[in-house]
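The structure under discussion appears below in the form of structure tokens.
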Amino acid sequence: MQESPIFTKTYDLLTWLLPATTKFPREHRFVMAKAVQETALRFQERLIEAGLGGDRTRQHALAQADVELTKLRFYLRLSRDMSLITPRQYQHVAEYTTEVGRLLGGWRHSLKAA
């Protein structure tokens, strides 16, 4: 499970994202940084649940992970628009979320085909 590309990419996303959000200005750290961090961590938790669960649990956990990823993308776009991250940082993290989204979609598709 842990060698799966989605787990590796998500880990890379988290190791970049968590330190980046601690640099948010103090007035935004307790709302925006917390929202980004918690959503990213919930996404990882859903992937772990899917990796450990049976087929029914796996499908449900992956659907929830998809929702968390959508929320994360929204919070990141909002962070960019509020100038909490630079456009270059946003581009970097958007590439991560796009790749993770592709891997998540592939996983969900493979379950439907089985």
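Of all helices (runs of 4 or more DSSP H) completely enclosed by segment 1-91, which ones contain at least 3 residues that are more than 17 Å from the chain's Cα centre (by Cα)? Write out each step before concluding.
Values: elements: 5-21, 34-52, 55-81.
The helices (runs of 4 or more DSSP H) meeting that bar are 55-81.
A quick yes/no check of all residues on (1) surrounded by fewer than 14 Cβ atoms within 10 Å (Cβ to Cβ); (2) aliphatic (A, V, I, L, M); (3) in contact (Cβ under 8 Å) with a residue 60 or more places away in the chain:
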residue	(1), (2), (3)
Pro19	yes, no, no
Glu38	no, no, no
Leu76	no, yes, no
Arg80	no, no, no
Ser83	yes, no, no
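Identify the single condition in (1) farther than 19 Å from Ala94 by Cα; (2) at pLDDT 95 or above; (3) in contact with a Gly (Cβ under 7 Å, 6 or more places away or on another chain) that Glu45 does not satisfy, given that it satisfies every other one.
(3)
Could you tell me whether Ala94 is under 23 Å from Arg108 (Cα atoms), small (Gly, Ala, Ser) and surrounded by fewer than 17 Cβ atoms within 10 Å (Cβ to Cβ)?
Taking the combined requirement at face value, the residue satisfies it.
Just the residues that are among the aliphatic types (A, V, I, L, M) and under 11 Å from Arg108 (Cβ atoms), please, taken from segment 45-69.
Of everything in segment 45-69, those that are among the aliphatic types (A, V, I, L, M) and under 11 Å from Arg108 (Cβ atoms) turn out to be Ala50, Ala61, Leu62, Ala63, Ala65.
The values are calculated or read from the model by the stated rules, or taken from the named source; none is laboratory data. Worth saying up front: this structure is predicted, and the values here are computed from it rather than measured. Note that we place each Cβ from the backbone using ideal geometry, even for glycine, and neighbour counts take in every protein chain shown.
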